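Structure first, commentary second.
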Amino acid sequence: MDSTISEAHGRADPAGRTPLRSTATDGLKIVVVGGFGVGKTTMVRSVSEIRPLNTEETMTQAGVGVDHNTAVTDKTTTTVAFDFGRISLNEEMILYLFGAPGQERFWFLWDRLFAGTLGAVVLVDTRRIEDSWYAIDRLEHHGTPFIVARNNFPGSEEHSLGELREALTLSRDVPLVDCDARVRESSKRVLITLVDHLYALSTARETVS
Amino acid sequence: MMIREAVDSEDPDRLYTVTGGRSRADEPDLDLVTLIVSETDPVPGMQSEHVRILRTCRYPTAVVELASELNLPVSVVKILVSDLLGSGHVSARHPSSPRASAQLPDAAFLKKVLVGLHNL
Ligand SMILES: Nc1nc2c(ncn2[C@@H]2O[C@H](COP(=O)(O)OP(=O)(O)OP(=O)(O)O)[C@@H](O)[C@H]2O)c(=O)[nH]1
Ligand SMILES: [Mg+2]
């Protein structure tokens, strides 16, 4: 990663990255969100043209639940780490796929990081359904279109998707699919399901207005 | 884009050194996936982070990729990129998707995304 090291190897491009084509003009975002260990990074890796990369964002929030008599501790620092991969859709359009943790502090940064996101995939591990409730609630709150994908860990198929839909109190309008995040074709299917859903929403709106 | 009541002050030491003490006020309207492209080579005496950005952006590079590459928080990278935008050393290719979460891209745009995904 150190630039002096890559220069010593005579590389024009630091760290041996796979650069984008010079014709790339339009970056798009899709977020994969879900609880700890649900397979977010695995899904990003299985469809990405680059090895997933990590980064983080930090924000200090002032005045959340502040006791005005205490002058010192009226700030909380929020740091969230997330990873991402990339898919060149055509000469111009580059889709960035983000794997984002669904825990509470993450949502403070949602607007800053993911405004303009096409949509989201909520990845569910049926052994820990609770983790998904919060993510679904937050996405609805932010008005971000999403689908739900059940990652097929051992035992996940003991219950039907219909039962899962009920457990998640998921509206009929939200697509719910099965996947194996380790398999490229399966992850690709999940992304296509999301964009099909967005397409349907978009055409419905265009007919109305 | 920002959370209104939020005040920014990141890891003080590193942010201060890298950005010369500037904060969010100078941060331009850059998205995670805005693509940055170098317009010139680095010049002698330039800050090392600026040099690395110019080298990396010989090919279009998203802000988030720069953050990962430089190992700095996204908001710090935005400030560094805005310096280079101001001095004309780089240009920015902004995403065409609407920023407001309640808005959807049009169907023709989404069709192109679908075609790209099917071709994967
Ligand atoms: N059986 C099975 N295992 C999976 C599947 N997807 C992921 N895994 C495994 O589950 C583990 C966790 O996957 P990760 O992709 O690291 O999960 P994550 O959501 O990124 O985890 P954190 O970032 O730590 O929250 C890994 O060991 C994966 O190999 C799947 O579809 N089936
Ligand atoms: Mg992960």
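The values are calculated or read from the model by the stated rules, or taken from the named source; none is laboratory data. Computed from a prediction, not measured in an experiment: that's the story for all the values here. Glycine also receives a Cβ, built like all others from the backbone with ideal geometry; neighbour counts cover every protein chain displayed.
Observations
Yes or no, residue by residue, for (1) modelled with pLDDT under 95; (2) charged (D, E, K, R):
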residue: A:THR25; (1), (2): no, no
residue: A:LYS29; (1), (2): no, yes
residue: A:VAL32; (1), (2): no, no
residue: A:GLY37; (1), (2): yes, no
residue: A:THR41; (1), (2): no, no
residue: A:GLU57; (1), (2): yes, yes
residue: A:GLN61; (1), (2): yes, no
residue: A:VAL66; (1), (2): yes, no
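- Matching residues, region A:151-178, being in contact with a helix residue (DSSP H, G or I) (Cβ under 6 Å, 6 or more places away or on another chain) and either surrounded by 17 or more Cβ atoms within 10 Å (Cβ to Cβ) or not in a helix (DSSP H, G or I) (or both): A:PRO175, A:LEU176, A:VAL177
- Of the residues screened, A:GLY85 is one that is within 16 Å of ligand 1 (Cβ to nearest atom), at pLDDT 85 or above and not β-branched (Val, Ile, Thr).
- Subset of region A:114-144 that is facing chain B (nearest Cβ under 8 Å) and assigned to a helix (DSSP H, G or I) - its residue that is farthest from B:LEU32 (Cα to Cα): A:HIS142
- Which numbered condition A:ALA181 fails, given (1) free of Cβ contacts under 8 Å to residues at least 60 places away in the same chain; (2) part of a loop (DSSP other than H, G, I, E, B): (1)
- Only listed residue being within 19 Å of A:ILE136 (Cβ to Cβ) and more than 10 Å from chain B (Cβ to nearest Cβ), chosen from A:LEU201, A:LEU176, A:LEU194: A:LEU176
- Residues that are within 19 Å of A:GLY39 (Cβ to Cβ) and more than 16 Å from ligand 2 (Cβ to nearest atom), drawn from region A:97-127: A:GLY119, A:THR126, A:ARG127
- Set B:LYS78, B:LYS111: member being more than 25 Å from A:VAL47 (Cα to Cα) and out of contact with any His (no Cβ under 7 Å at 6 or more places or on another chain): B:LYS78
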